[in-house]
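K.L.:
Structure provided below as structure tokens; questions to follow.
What follows draws every value from the coordinates through simple rules; no lab data is involved. As the structure is a prediction and not an experimental result, all values here were calculated from the model. Here the Cβ is made from the backbone with ideal geometry for all residues, glycine too, and neighbour counts use every protein chain on show.
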Amino acid sequence: MTKSTLQTADTNDRQPETAGFLEIKNLSKAYPTGNGGEFVVLHNINLTVQENEFVSLIGHSGCGKSTLLKIVAGLERSTSGLVTLEGREIRKPGSDRMMVFQHYSLLPWLTVRENVRLAVDEVLKDASRAEKASLVNEHLAMVNLMPAANKYPDEISGGMKQRVGIARALAIRPKMLLMDEPFGALDALTRGKLQRQVLDIWEAHRQAVLMVTHDVDEALYMSDRIVMMTNGPAAQIGEILDVPFAHPRDRAALRENPHYYELRNHALNFLDQHFGADD
Amino acid sequence: MVQLSIMALFVALSQATWKRTKLVLLRDTVLYPALGFLGILLLWYGIASLRHELMPYPHEAVINNLDFITHPFYQGGAGDLGIGWLLLASLRRVLLGFLLGAVVAIPLGFLIGMYRPALLALNPIIQILKPVSPLAWLPIALAIFNLAEPSAIFVIFITSLWSTIINTALGVSSVSKDYLDVARVLEMPSWRQVYKIILPASLPYIFTGLRISLGIAWLVIVAVEMLTGGVGIGFFVWDEWSRLNLSSVFLAVFVIGITGLLLDVAIAQLEALITHRRTPKEG
């Protein structure tokens, strides 16, 4: 198999000087507490994501992985440190880093098509009506939602809702896709199907993806690297795991690969070890 | 064993119920309401038989009112109008006052819901004025306008404000952060967020406020017209009472009730039309 696929945090610190696509440098996040002190959520995070890379953030609940994603999205500000995308500092939310939300965040008064259309209208202001319409249709077709295009969110299943969320995110052609436990609220069967669909789409149009998850199998199946975070408060990057399997990936073949279990056990051991620390 | 037999009983019962669903529906939507009306009629008969010099029997009331019922849009010169005209005059006042109220209340609700200093400044005023009977504004309105018609509309306007302001503000301030996050990620300017996200998200609250306001406005107009006189269903009630014509008062009560119900249904329909099932547009 490949040599040393298990990197430690130290080697991560010594990454090449060439600027990455997304760079997070010495990032910390703390909330002030009532009694004048502060509650540190994230401590000294350093991470680089390359342009065509699928990176997962994994850790126990409350470890601040969603907070990190929100800081990259611009929905929250870091207390210190720097986040840059293509060398430009991220200060506020922007459609170049589109988000797929855990609870879909579809607007219930708009149909499936109108939800995607709203994003397209808002971001691609210069496109003609015909261009926008075809962009919307193209992305609805990509996630097999054309038959449900005129339905309202409360008329479709959770899996379909998240497909709308994904179509909405991809339709505005973001530079980077941020996914906050995108499959977390789905049942196991739907989750597997949707993971496959998203991976298909990504393998056809590679781009930078940062995905928060708490599912080791999901992270191994989908991503190129898995960033494992220690428990909060003051969560750090504990370890970064390279997933060396070539794309396109096949879940069944992956399961028969002994190296898969090696990585899986390593990740689970990491999580177990950091679970014990708090309990 | 006991549990088992109870289970079996339940199953049998539920199967039987399933077969009788249609009958049950008929019973619940037709039979019981009809029994309610029958009870009221019996009560009416009972009271009328005790004080017949004052109260007509129900069938007498219908016969006495036959002229009103069959000619709702009769026009016999000034002050001699069919009940349909009176109703329309009252509806016109209510709708005018209500619309003016909504035009003022909805933006005010937005301001209070979105801007905390506005909440702090206006909330005490609203809390003090809200429990005041709208009729207390009538003398003030009469002093200002010196005319019955604009005074009545003004009272309805005041009546329509409070529930709409409070519900709009509640709706605006409780818009899900998820929706706003979507807007922020899409870099939607804040003025567009107001009408593309906050307005549609708070429409159900706004409509709740409007529904309550319209309901109270319809209650109040009858009392206002009793005091101001002129053409209207409220004055009709007072006028017929002065003539000791209780049959017509009963007719008016019935008409006012049905109209109030229809107003409520209408605004609920409007809400369903606007908030959720708009005709899908071509994308």
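K.L.:
Relative to the present Cα-Cα distance, how much length would full extension add between A:GLU256 and A:ALA188 at 0.36 nm per residue of separation?
P.N.:
22.4 nm
K.L.:
In addition: Across segment B:63-69, in residue order, what do the Karplus-derived ³J(HN,Hα) couplings come to in whole Hz, using 6.51 cos²θ - 1.76 cosθ + 1.60 with θ = phi - 60° and x for Gly and Pro?
P.N.:
5, 4, 8, 3, 5, 4, 5
K.L.:
Between B:PHE254 and B:ALA8, what length comes free when the chain is fully extended (0.36 nm per residue of separation minus the Cα-Cα distance, one decimal in nm)?
P.N.:
83.7 nm
K.L.:
To the nearest 0.05, what FRET efficiency results for A:GLU138 and B:LEU122 with a Förster distance of 45 Å applied to their C-beta separation?
P.N.:
Efficiency, rounded to the nearest 0.05: 0.40.
K.L.:
When the Karplus curve 6.51 cos²θ - 1.76 cosθ + 1.60 is applied with θ = phi - 60°, which whole-Hz ³J(HN,Hα) does each residue of segment B:210-221 get, with x for Gly and Pro?
P.N.:
Residue by residue, segment B:210-221 yields 5, 5, 5, 4, 5, x, 5, 4, 5, 5, 6, 4 Hz.
K.L.:
Do me a favour and compute the ellipsoid semi-axes for segment B:122-168 from its Cα gyration tensor, root of five times each eigenvalue, largest one first, whole Å.
P.N.:
Value: 22, 11, 8 Å, ordered largest first.
K.L.:
With a point put 7 Å past each Cα toward its Cβ, work out how far B:THR21 is from B:PHE145 in nm, to one decimal.
P.N.:
Rounded to a tenth, the inter-label distance reads 5.3 nm.
K.L.:
Right, something else. Taking each residue in A:99-108, count the Cβ atoms of any other chain within 10 Å of its Cβ, then average. What number comes out?
P.N.:
Across A:99-108, the average partner-chain Cβ count within 10 Å equals 4.
K.L.:
Using a Förster radius of 56 Å, what is the FRET efficiency between B:THR275 and B:LEU42 based on their Cβ-Cβ separation? Nearest 0.05, please.
P.N.:
For R0 = 56 Å, the calculated efficiency reads 0.85.
K.L.:
Tell me, what is the percent relative contact order of segment B:70-275, built from C-alpha pairs under 8 Å that lie six or more residues apart?
P.N.:
25
K.L.:
Quick one: which residues, 5+ away or cross-chain, put their amide H under 5 Å from the amide H of A:GLN102? H built at 1.01 Å from N.
P.N.:
HN-HN under 5 Å from A:GLN102: A:ASP180.
K.L.:
Can you give me the Kirkwood hydrodynamic radius for chain A, using every pair of distinct Cα atoms, in Å to one decimal?
P.N.:
Radius from the Kirkwood sum: 19.6 Å.
K.L.:
Further, regarding this structure: Using θ = phi - 60° and the Karplus curve 6.51 cos²θ - 1.76 cosθ + 1.60, what whole-Hz ³J(HN,Hα) does each residue of segment A:232-247 get, with Gly and Pro shown as x?
P.N.:
x, x, 6, 5, 10, 7, x, 6, 10, 9, 7, 10, x, 5, 6, 8
K.L.:
What distance in nm lies between label points placed 7 Å from Cα along the C-beta direction at A:ASP272 and A:PHE39?
P.N.:
3.0
K.L.:
Within segment B:193-220, which residues have the backbone N less than 19 Å from the label spot 7 Å out from B:LEU129 along Cα→beta-carbon, could you tell me?
P.N.:
Those under the cut-off are B:209-218, B:220.
K.L.:
May I pose another question? Check the straight Cα-Cα distances from B:LYS177 and name the lysines below 26 Å, setting aside those fewer than 8 residues away within the same chain.
P.N.:
A:LYS29, A:LYS65, A:LYS70, A:LYS92, A:LYS125, A:LYS151, A:LYS161, A:LYS175, B:LYS196
K.L.:
Pop a pseudo-label 7 angstrom from the Cα along the beta-carbon direction at both B:LEU244 and A:ASP154 and give the gap in nm to one decimal.
P.N.:
So the two model labels end up 5.6 nm from each other.
K.L.:
Separate question: Taking 35 Å as R0, compute the FRET efficiency from the Cβ-Cβ separation of A:HIS103 and B:LEU95 and round it to 0.05.
P.N.:
Result of the calculation: an efficiency of 0.30.
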